[in-house]
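The values are calculated or read from the model by the stated rules, or taken from the named source; none is laboratory data. Only a predicted model underlies this, so the values are computations on that prediction, with no experimental measurement involved. Backbone-built Cβ (ideal geometry, glycine too); neighbour counts: all protein chains shown.
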Amino acid sequence: MNTPGVTTDVPEISFLTRLWFAWLCSFRILFDARFAGRVWTVRVPAPAPLPPRLPEVSRALQLLALLQREGRFVDFLQQDIADFPDADVGVAARVVHEGCRNALRAHADIEPVRAEKEGAPVVLEAGFDADAVKLVGDVKGQPPYAGVLRHRGWRAKRLDLPEIVGGHDARILAAAEVELG
Amino acid sequence: MTRFAVGIDLGTTHCALAVAPLEADGVPLEILGVPQLVAPGQVEARPLLPSFLYFAHETEGPQALPWQAGRRFVVGEYARSRGVDAPARLIASAKSWLSHPTADRRAGILPLGAPEDVERISPVEATWHYLEHLCEAFDAHTGGGDAALSKQDVVVTVPASFDASARELTVEAALAAGIEKVTLLEEPQAALYAWVLAMGEAWRREVRPGDVILVVDVGGGTTDFSAIHAVDDGGSLQLVRVAVGDHILLGGDNMDLALAHQVGQKLAAEAKVPDRWQQASLVHACRVAKERLLSDAKLRAAPIAVASRGSALLGGTLRAELTRDEVTRTLVDGFFPSVGADARPAGRARGGLTQLGLHYASDPAITRHLAWFLARQAGALGVPAAGRAPKLLHPTAVLFNGGVMKAGPLRERLVATLDAWLEADGAPRVRVLGGADLDLAVARGACAYARVRRGKGLRIRGGTARACYVGIESAVPAVPGVEPPVSAMCVAPFGMEEGTEAELPPHELGVVVGEPVRFRFFGSTVRRDDVAGTVLEQWKGDELEELPPIEVTLPAEGRREGDVVPVRLRARVTEVGTLLLEAEPLHPLKPDERWRVELSVRGEG
């Protein structure tokens, strides 16, 4: 039977050859770590290949496409707004703001890092999360640090983007539109 | 084994599914996140599945879902948004087509005006695809097997005003989608179940014996009224649905369109005309502006911006404003005018069988439709023992349902109008049953009812909302050009409960063997006292409403073709909630001989 797969590639080996090979292997497994490692992987069946992980960049592109779809974000950034009066920018900003805000709220939970009002005094004890809070100004000395909250910071608690099916080209942030008829 | 109680809101514009385990009491029910395409190749789970179906063109490739790679059509959010680009390939409002009085509802008629490469489908098939999508989403979520939707107790909601054939077609679509244990529930009842569920035991303090609860359900595409009577039954409170209204194709979408039309005219005055694509965004922008204005009394106007079609956002974006004044004039005064109790909707006649299209309500005033409903149903509680008969049914409480009715000013106007009518008729004002989050109430209520059917909790009674009549042509000499007079014989009385049979009427009909015989068919939502067999020689114009005809075909087995066989019609209401008519021959050739009478879905066309 010549079914495709791994098993048909394995040659039939006679008993004497196998005896010699077993003797040889026992020594190589003892003294050759890399050989031992290769034999080890053979004794367990190979796991099914994992589905190819989506590259992170396509997630970023997906977010851009989402903000474009819901709030014309890419259109807005790609247009040169220097020559337009503020009123025009304002009108466009409403479209972008409403759409992108809804899209963001539907797909992510974003909360301030610090609950205090900006301008409120803040004391940071030793061991504070330096990723979440950044010291600015006259940065020196030892904790506790007493200062004033200048920016509350933002933390994304959740980001759920749509699942990608059907192998569409993630680089297309918005398809060109051709009207027929 | 059945593990879950499932409620499906099969809406004109959206579907939703609520689920709760049957065994564990007190476990809150859950709204299923329905995976659906939201953009090409992007699937997202959302609580609402828009009831839209889009037929992809061959250039668009397969429309893959996590459970099927090679699908040629799209259901849900992407169908709706893609339909704006290519409207001829989109099916919308399939549910309204399902109750269309004259279209052949099993024929491939949708989308109307579809291009040649689209294989048109019937309203039943479209409904089936929406339910199928929910089935697949449910099975993907629970893992299928024992927990597959086909094995669960499923309640599907229909408008209270759906007639017998529209109900039957809904069940047909559900069975085709693989839902084996399906039961129908009227939407306003579902809303009340949801309210009871949300209130917990507190509901018993809110509703008193003698209360008449008016459910005003204004959805995206339809408006539905029901009256539910709370009666004292030996110390325990019983709820009985005593009346339902007509089928009114009028809803929140009409309101958004009306506002968009207003704003569109203002834009046109500035020589800025939105194209079809911008029109869709304009309607959406108006809905958002409307919701802001109706929820914030201090706001005088809300800005509206509609993006240009091309990639240049600045310079091409249309700007307008929706003012409080316009919203008040268009919505509050336009859709909820303060009218007298004797107001009637204009142009109620259903006639117009000539062209294929949906029978949208010709009068947008919901208060006029309500006045008509209450006046028609003045006798729904029976004749008072003493004193003057009321001019209208007197509700004592109102329950609102549907997204539109979240708007305070609309509720206030409706309640104020209703109170004025009641006061004039010597009745106390109504209370508003509130305090419950009615988001997705119909799906929640349907799920609660699926549990109630297992004997857990209070059940609304009431049976069928219509008495049904068969038209019998009188044997008089034919006069050219004059239709022979028709009398109507009651075959199914008002208020038949599920799983019951009507008495066999004494009168018989003659049916020709071997050929289909059609009978005219009528329904009445107001004649409560006719028993099976009652023959009406005449009736007031609007007491009886003509429904699509019924058809019976007697096979020729054992009988001579062309013979006339006398039969009697027996009506049954199935456990599912549909009406079943059967013809029993007076002289059966074998025991239990009977034939199914088809409720025609083809109409006159």
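Please verify whether B:Ala79 is in a helix (DSSP H, G or I), among the small types (Gly, Ala, Ser) and in contact with a strand residue (DSSP E or B) (Cβ under 7 Å, 6 or more places away or on another chain), treating the condition exactly as stated.
Numbers: in a helix (DSSP H, G or I): yes; among the small types (Gly, Ala, Ser): yes; in contact with a strand residue (DSSP E or B) (Cβ under 7 Å, 6 or more places away or on another chain): yes.
The answer is yes for B:Ala79.
Output the number of the condition that A:Asp88 fails; it satisfies all remaining conditions of (1) away from chain B (no Cβ under 14 Å); (2) surrounded by 15 or more Cβ atoms within 10 Å (Cβ to Cβ); (3) modelled with pLDDT under 95. Going through the list (1) away from chain B (no Cβ under 14 Å); (2) surrounded by 15 or more Cβ atoms within 10 Å (Cβ to Cβ); (3) modelled with pLDDT under 95, A:Asp88 breaks only (1).
Whenever a residue of the stretch B:8-35 is free of Cβ contacts under 8 Å to residues at least 60 places away in the same chain and part of a strand (DSSP E or B), its partners that are surrounded by 14 or more Cβ atoms within 10 Å (Cβ to Cβ) and of a type in the set (A, V, I, L, M), lying with C-beta atoms within less than 6 angstrom and at least six residues away or across chains, give the pairs B:Glu30/B:Val19.
Give the residue, chosen from B:Arg572, B:Arg528, that is surrounded by 12 or more Cβ atoms within 10 Å (Cβ to Cβ) and in a strand (DSSP E or B). Steps first, answer last, please.
Working: B:Arg528 fails: in a strand (DSSP E or B).
From the options B:Arg572, B:Arg528, the qualifying one is B:Arg572.
Per the listing B:Val273, B:Val288, B:Val215, B:Val242, the residue uniquely β-branched (Val, Ile, Thr) and part of a loop (DSSP other than H, G, I, E, B) is B:Val273. For the condition over 30 Å from A:Gln78 (Cα atoms), surrounded by 13 or more Cβ atoms within 10 Å (Cβ to Cβ) and outside the structural domain of A:Leu77 (by TED's automatic domain parsing), A:Val133 qualifies.
In the stretch B:542-555, what residues are of a type in the set (A, V, I, L, M, F, W, C) and either touching a Pro at 6+ places or on another chain (Cβ under 9 Å) or outside the structural domain of B:Gly510 (by TED's automatic domain parsing) (or both)? Before the answer, list the steps.
Step one: filter the stretch B:542-555 for residues of a type in the set (A, V, I, L, M, F, W, C), giving B:544, B:547, B:550, B:552, B:554.
Scanning the stretch B:542-555 gives B:Leu547, B:Val552, B:Leu554.
Please determine whether any residue of the stretch B:116-123 is among the basic types (Lys, Arg) and either under 30 Å from B:Phe522 (Cα atoms) or without any contact (Cβ under 8 Å) to a residue 12 or more places away in the chain (or both). Within the stretch B:116-123 (the criterion being among the basic types (Lys, Arg) and either under 30 Å from B:Phe522 (Cα atoms) or without any contact (Cβ under 8 Å) to a residue 12 or more places away in the chain (or both)), the answer is no, since none of the residues qualifies.
Would you check if B:Arg324 is away from chain A (no Cβ under 14 Å), over 30 Å from B:Thr464 (Cα atoms) and either surrounded by 15 or more Cβ atoms within 10 Å (Cβ to Cβ) or in contact with a Leu (Cβ under 9 Å, 6 or more places away or on another chain) (or both)? Steps first, please.
Details: away from chain A (no Cβ under 14 Å): yes; over 30 Å from B:Thr464 (Cα atoms): yes; either surrounded by 15 or more Cβ atoms within 10 Å (Cβ to Cβ) or in contact with a Leu (Cβ under 9 Å, 6 or more places away or on another chain) (or both): yes.
When the stated conditions are applied, B:Arg324 passes them.
Might you check whether a residue that is in contact (Cβ under 8 Å) with a residue 12 or more places away in the chain, in a loop (DSSP other than H, G, I, E, B) and away from chain A (no Cβ under 14 Å) occurs anywhere in the stretch B:57-76? I'd like the intermediate steps shown before the answer.
To start, the set of residues in the stretch B:57-76 that are in contact (Cβ under 8 Å) with a residue 12 or more places away in the chain comprises B:57-58, B:60, B:63-68, B:72-76.
This time we only want the ones that are in a loop (DSSP other than H, G, I, E, B), so: B:57, B:63-64, B:66-67, B:72, B:76.
Now drop any that are not away from chain A (no Cβ under 14 Å), which leaves none.
Checked against the condition, which is being in contact (Cβ under 8 Å) with a residue 12 or more places away in the chain, in a loop (DSSP other than H, G, I, E, B) and away from chain A (no Cβ under 14 Å), the stretch B:57-76 yields no hits at all.
Listed by first and then second residue, the pairs linking a residue in the stretch A:78-104 that is closer than 15 Å to B:Thr317 by Cα to a residue that is among the hydrophobic types (A, V, I, L, M, F, W, C) and outside any loop (DSSP other than H, G, I, E, B), with Cβ atoms under 7 Å apart and 6 or more places separating them unless they lie on different chains, are A:Ile81/A:Val89; A:Val91/B:Ala305; A:Ala92/A:Phe76; A:Arg94/B:Ala305; A:Val95/B:Ala305; A:Val96/A:Phe73; A:Val96/A:Phe76.
Tell me, please, whether a residue that is touching a residue at least 24 places away in the same chain (Cβ under 8 Å), of a type in the set (A, V, I, L, M, F, W, C) and part of a loop (DSSP other than H, G, I, E, B) can be found in the stretch B:248-255. Within the stretch B:248-255, one or more residues are touching a residue at least 24 places away in the same chain (Cβ under 8 Å), of a type in the set (A, V, I, L, M, F, W, C) and part of a loop (DSSP other than H, G, I, E, B).
Only one residue in A:Val148, A:Val95 is of a type in the set (Val, Ile, Thr), more than 30 Å from A:Ala176 (Cβ to Cβ) and surrounded by 10 or more Cβ atoms within 10 Å (Cβ to Cβ), so which one is that? Steps first, answer last, please.
Numbers: A:Val95 fails: more than 30 Å from A:Ala176 (Cβ to Cβ).
That would be A:Val148, the only listed residue that is of a type in the set (Val, Ile, Thr), more than 30 Å from A:Ala176 (Cβ to Cβ) and surrounded by 10 or more Cβ atoms within 10 Å (Cβ to Cβ).
Considering every residue within the stretch B:84-96, establish whether at least one is assigned to a strand (DSSP E or B) and crowded, with 16+ Cβ neighbours inside 10 Å. Yes: one or more hits. Residues that are in the same structural domain as B:Ala20 (by TED's automatic domain parsing), under 17 Å from B:Val240 (Cα atoms), among the hydroxyl-bearing types (Ser, Thr, Tyr) and in contact (Cβ under 8 Å) with a residue 12 or more places away in the chain occur in the stretch B:155-167; there is at least one. Candidates B:Arg300, B:Arg287, B:Arg329: the one that is closer than 22 Å to B:Ala268 by Cβ, more than 10 Å from chain A (Cβ to nearest Cβ), loosely packed, with under 15 Cβ neighbours inside 10 Å and not polar (S, T, N, Q) is B:Arg329.
Among all residues of the stretch A:44-67, there is none that is assigned to a loop (DSSP other than H, G, I, E, B), modelled with pLDDT of 85 or more and within 11 Å of chain B (Cβ to nearest Cβ). Inspect the stretch A:100-112 for any residue being more than 9 Å from chain B (Cβ to nearest Cβ) and loosely packed, with under 11 Cβ neighbours inside 10 Å and give the result as yes or no. Within the stretch A:100-112, one or more residues are more than 9 Å from chain B (Cβ to nearest Cβ) and loosely packed, with under 11 Cβ neighbours inside 10 Å. Residues in the stretch B:31-54: is at least one of a type in the set (Ser, Thr, Tyr), out of contact with any Phe, Trp or Tyr (no Cβ under 9 Å at 6 or more places or on another chain) and either more than 21 Å from A:Ile172 (Cβ to Cβ) or at pLDDT below 95 (or both)? Checking the stretch B:31-54: not a single residue is of a type in the set (Ser, Thr, Tyr), out of contact with any Phe, Trp or Tyr (no Cβ under 9 Å at 6 or more places or on another chain) and either more than 21 Å from A:Ile172 (Cβ to Cβ) or at pLDDT below 95 (or both).
Given the options B:Ser236, B:Ser295, name the one that is surrounded by fewer than 24 Cβ atoms within 10 Å (Cβ to Cβ), within 16 Å of B:Gly403 (Cβ to Cβ), among the hydroxyl-bearing types (Ser, Thr, Tyr) and out of contact with any helix residue (DSSP H, G or I) (no Cβ under 6 Å at 6 or more places or on another chain). Before the answer, list the steps.
Values: B:Ser236 fails: within 16 Å of B:Gly403 (Cβ to Cβ).
Just one listed residue meets the conditions, B:Ser295.
So that you can scan it fast, the table gives a plain yes or no per residue for (1) in a strand (DSSP E or B); (2) modelled with pLDDT of 85 or more; (3) not assigned by TED's automatic domain parsing to the domain that holds B:Ser226:
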{"residue": "B:Cys490", "(1), (2), (3)": "yes, yes, yes"}
{"residue": "B:Gly495", "(1), (2), (3)": "no, yes, yes"}
{"residue": "B:Lys540", "(1), (2), (3)": "no, no, yes"}
{"residue": "B:Glu557", "(1), (2), (3)": "no, no, yes"}
{"residue": "B:Val565", "(1), (2), (3)": "yes, yes, yes"}
{"residue": "B:Leu581", "(1), (2), (3)": "yes, yes, yes"}
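Before we move on, is B:Ala268 surrounded by fewer than 20 Cβ atoms within 10 Å (Cβ to Cβ) and not in a strand (DSSP E or B)?
Working: surrounded by fewer than 20 Cβ atoms within 10 Å (Cβ to Cβ): yes; not in a strand (DSSP E or B): yes.
Yes.
Only residues that are outside any loop (DSSP other than H, G, I, E, B), modelled with pLDDT of 90 or more and facing chain B (nearest Cβ under 10 Å) were counted across the stretch A:130-181, and they come to 0.
In the set B:Pro428, B:Pro484, which member is modelled with pLDDT under 85 and in a loop (DSSP other than H, G, I, E, B)? Lay out the reasoning, then the answer.
Working: B:Pro428 fails: modelled with pLDDT under 85.
Step by step, each of B:Pro428, B:Pro484 is checked, and only B:Pro484 is modelled with pLDDT under 85 and in a loop (DSSP other than H, G, I, E, B).
Would you please name the residue that is modelled with the highest pLDDT, looking only at residues in the stretch B:351-400 that are assigned to a loop (DSSP other than H, G, I, E, B) and among the hydroxyl-bearing types (Ser, Thr, Tyr)? If you could, list the steps in order and put the result at the bottom.
Of the stretch B:351-400, the ones assigned to a loop (DSSP other than H, G, I, E, B) are B:351-365, B:377-396.
Restricting the remaining residues to those that are among the hydroxyl-bearing types (Ser, Thr, Tyr) gives B:354, B:360, B:362, B:396.
Values: B:Thr354: 34, B:Tyr360: 73, B:Ser362: 78, B:Thr396: 96.
Across the stretch B:351-400, the extreme among qualifying residues is B:Thr396.
Kindly indicate whether B:Leu22 is in the same structural domain as B:Tyr130 (by TED's automatic domain parsing) and in contact with a Ser or Thr (Cβ under 7 Å, 6 or more places away or on another chain). Against the criterion (in the same structural domain as B:Tyr130 (by TED's automatic domain parsing) and in contact with a Ser or Thr (Cβ under 7 Å, 6 or more places away or on another chain)), B:Leu22 qualifies.
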